[in-house]
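Presented below is the structure to which this report refers.
The values are calculated or read from the model by the stated rules, or taken from the named source; none is laboratory data. For clarity, every value in this text was computed on a predicted model and none was experimentally measured. Glycine gets a Cβ as well: all are built from the backbone with ideal geometry, and neighbour counts include every protein chain shown. With ligands, DNA and RNA removed, areas are computed over all heavy atoms of the protein, side chains included. Shrake-Rupley method; radii C 1.70, N 1.55, O 1.52, S 1.80 Å.
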Amino acid sequence: MSSPPPVERFKGTGWEECDDFISAIRARALWEGKQRDSAWKADFAAPLFSRKALSWHSRLPEDVRDDWSKLEIALLDRWPAPDDDEE
């Protein structure tokens, strides 16, 4: 059996870290067979927030913290891609 995809703590340092975090959560959920389970992804991600990101996450409404679909949008709103990012 292969090892699960690693997921690093999210500190809230910027767009690239946010993009990496979202991608890592999605990859881990796929590996676990939970890619369609928004509550599982939100629960898995919750203890991985630290520093500025933890403070931000703690202040989100509960319905956002508990639903990865809403949480992912909130992450992208808070740490948006630069306008000139064509990647």
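Points worth noting:
- Of all the residues in region 54-87, those that are among the acidic types (Asp, Glu), at pLDDT 95 or above and over 19 Å from PRO6 (Cα atoms) number 5.
- Restricting attention to region 29-53 and to residues that are more than 15 Å from VAL7 (Cβ to Cβ) and touching a Lys or Arg at 6+ places or on another chain (Cβ under 9 Å), the residue that is most open to solvent (accessible area, probe 1.4 Å) turns out to be ARG51.
- Close Cβ contacts (under 7 Å, 6 or more residues apart or on different chains) running from residues in region 36-65 that are without any contact (Cβ under 8 Å) to a residue 40 or more places away in the chain and of a type in the set (A, V, I, L, M) to residues that are outside any helix (DSSP H, G or I) and open to solvent by 70 Å² or more (accessible area, probe 1.4 Å) comprise ALA39/ASP66; ALA42/ASP66.
- Just so you know, in region 54-82 the residues that are of a type in the set (A, V, I, L, M, F, W, C), out of contact with any Lys or Arg (no Cβ under 9 Å at 6 or more places or on another chain) and assigned to a loop (DSSP other than H, G, I, E, B) include one that is surrounded by the most Cβ atoms within 10 Å (Cβ to Cβ), and it is TRP79.
- Single residue of region 1-24 satisfying the filter (in a helix (DSSP H, G or I) and touching a Phe, Trp or Tyr at 6+ places or on another chain (Cβ under 7 Å)) that is surrounded by the most Cβ atoms within 10 Å (Cβ to Cβ): PHE21
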